[in-house]
Amino acid sequence: MASNQADGRDDATVRVKAFVGLRDNSQLMKNLSEWLAYCEQLHPKNIDMGLDRVHQVAQRMDLHLPCTVITVAGTNGKGSTCAMLESILMQAGYRTAVYSSPHLVDFEERLRLQGQNVASDALTQGFARVEAARTAGPEPVSLTYFEFSTLAILDVMRAQPLDVAILEVGMGGRLDAVNIIDADCAVITSIDLDHMEFLGTDRETIGFEKAGIMRTGRPVVVSDPVPPQSVLDHALEIGADLWRVGRDFNTRGDPQQWEWAGRGRRYSGLAYPALRGANQLVNAAGVLAALTALRDQLPVTAQAIRNGLAMVEFAGRFQIIPGSPSLVLDVAHNPHSVAALAANLDAMGFFPRTHAVFGAMADKDLAPMLARMNPLVECWYFTDLPTARAATGVHLMQAWQAQNTRKDLIAKAFLDPQSALQEALGCADPADRILVFGSFYTVGGVLQQGIPRLSGAHLASS
């Protein structure tokens, strides 16, 4: 997994290039930025599917987590599911750790301990221990950036007095680095087409990869209402305890409240999750199924569930920032998540115009994303992103022009998300809406100086 744009590693990269190839660099790196820059130099690929190398280093480190482990995989909804699990379990008094990726602004966001981002010094020590183990054999073991950083984060987790660790799969499941840890409970959220060059070109193949986080005799919650048959077949084949929505648990509700029922438990009169969007109820249902499956290990009260769902926060997931104009941040970056975003935007009510800041990776299926959003947007601001994997703003604008049939739209290209946002703010009227979406890099790019509080030029001059 590539790193995000806000690591501030330009100077660090120059310094650490001389270290690559040395036997043990664990004493040479001065800070987290240098370790992250160093990790990017070690392997010729950003993504290299397989667990053999990761297992080898983990065994040298005797790496394990002495607590309950919940692993979450899926195409969309993973991060929200992890955030709801964390919020409820903290309300129940448990000591939690959450590993999620990628980050929006700071790498430290990838590990939350008791709801707080980990200290960079702890990560630096974890990276040093991974490097010592990686270079301990006859030949150094080659690790990707994601593999190296995952091992470092798991090492930091191991040193904490934890009750539960929540691990979000970076990509796929079967061959993802987090899968070296055996989960006490697996959760599989929605499954759709994404990362097809690595995971496969259809839902059945991708579903099989996601199903790799299951363990024999242990619960696996599948919250996708129409899961691929490959997921169900794998659960049967290995003897996992399958919890399937519509069979083992279900929900119903009205505009004010909802209820959940499944396998001897019922929760009624629940407020809807604080995370916005109709899709969050699907995620919340899976969360309650996982907690019910683990009730002997991690009992939680109905009040902890109510409080946890009411207080959960997660930046960049249909995050609405009040202001003038309104600002919506969403990391939706594939056709499935963009369709959910469009439905959520429709439910917001009327806005005279919507201004969209959009940046995306070059390997994304752009046509359905643009086609789904184009009827909702009057002004497009396409932006470059600070990674070689991204499409340029000009390329994105050309892809949009190739399928656009509306004559009343405005489109421009920019070098970075902040510039695009400032242009949108200058063009927007007070009652308009500005949307930032398409990638973690896009949303992270407008959060560099914190959450923007919009006050357009029309207000400054009045």
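Using the beta-carbon distance between Arg247 and Ile320 and R0 = 35 Å, what value does 1/(1 + (r/R0)^6) give for FRET efficiency, to the nearest 0.05? Taking R0 as 35 Å, the efficiency between Arg247 and Ile320 is 0.50. Annotation: the stretch 319-460 has a Kirkwood hydrodynamic radius of 14.7 angstrom, from the mean reciprocal C-alpha pair distance. What the phi angles of the stretch 179-192 give under the Karplus curve with 6.51, -1.76 and 1.60, with θ = phi - 60°, is a coupling list of 6, 6, 9, 6, 7, 6, 8, 10, 10, 10, 8, 5, 10, 8 Hz, glycine and proline written as x.
For the chain, the number of Lys pairs with C-alpha atoms closer than 28 Å, counting only pairs eight or more positions apart or on separate chains, is 11.
Figure the gain on full extension for Asp346 and Ala261 (residue separation times 0.36 nm, minus the Cα-Cα span) and round it to one decimal in nm. This chain segment gains 27.7 nm when fully extended.
Available extension along the chain between Thr405 and Arg353 is 16.9 nm, counting 0.36 nm per residue and deducting the alpha carbon span. If a spin label sat at a point 7 angstrom from the Cα of Glu313 along the line to its beta carbon, the backbone N atoms of the stretch 103-120 nearer than 16 Å would be those of 104-106, 109-110, 112-118.
Exposure proxy for Lys210, Lys364: other Cβ atoms within 10 Å of each Cβ, ordered fewest to most, give Lys364, Lys210. Highest-first packing order for the peptide set 439-448, 71-80, 414-423, 97-106 is 71-80, 439-448, 97-106, 414-423, based on the mean count of other beta carbon atoms within 10 Å.
Note on Arg389 and Ser142: the extension gain reaches 86.8 nm, defined as 0.36 nm multiplied by sequence separation minus the Cα-Cα distance. For the stretch 388-436, the Cα gyration tensor yields ellipsoid semi-axes of 20, 17, 8 Å (square root of five times each eigenvalue, largest first, whole Å). The Cβ shell under 13 Å around Arg263 holds other residues with a net charge of +2, Lys and Arg each +1, Asp and Glu each -1.
Per the Cα gyration tensor, the chain maps to an equivalent ellipsoid with semi-axes of 34, 30, 21 Å, ordered largest to smallest.
Computed over the chain, the per-residue total of -39500 (n - 2.57) for DSSP H runs of n ≥ 4 gives a 222 nm mean residue ellipticity of -11000 deg cm²/dmol, rounded to 500. Listing Cys379, Cys82, Cys39 from fewest to most neighbouring C-beta atoms within 10 Å gives Cys379, Cys39, Cys82.
Dipole check for the stretch 258-327: with +1 at the C-beta of Lys and Arg, -1 at the C-beta of Asp and Glu, and the Cα centre as origin, the magnitude is about 140 Debye.
Each listed q (0.13, 0.21 Å⁻¹) maps to a log10 I(q)/I(0) for the stretch 40-193 from the Debye sum over equal C-alpha point scatterers, namely -0.56, -1.49. The calculated FRET efficiency for the pair Gln56 and Gln116, based on their C-beta separation and a Förster distance of 45 Å, comes to about 0.90.
Every read-out reported here was derived from the displayed coordinates using simple, explicitly stated rules and does not represent laboratory data. Treat the numbers as computed from the prediction; the structure is a model and nothing was measured. Cβ sites come from the backbone with ideal geometry, for glycine too, and all protein chains shown count toward neighbours.
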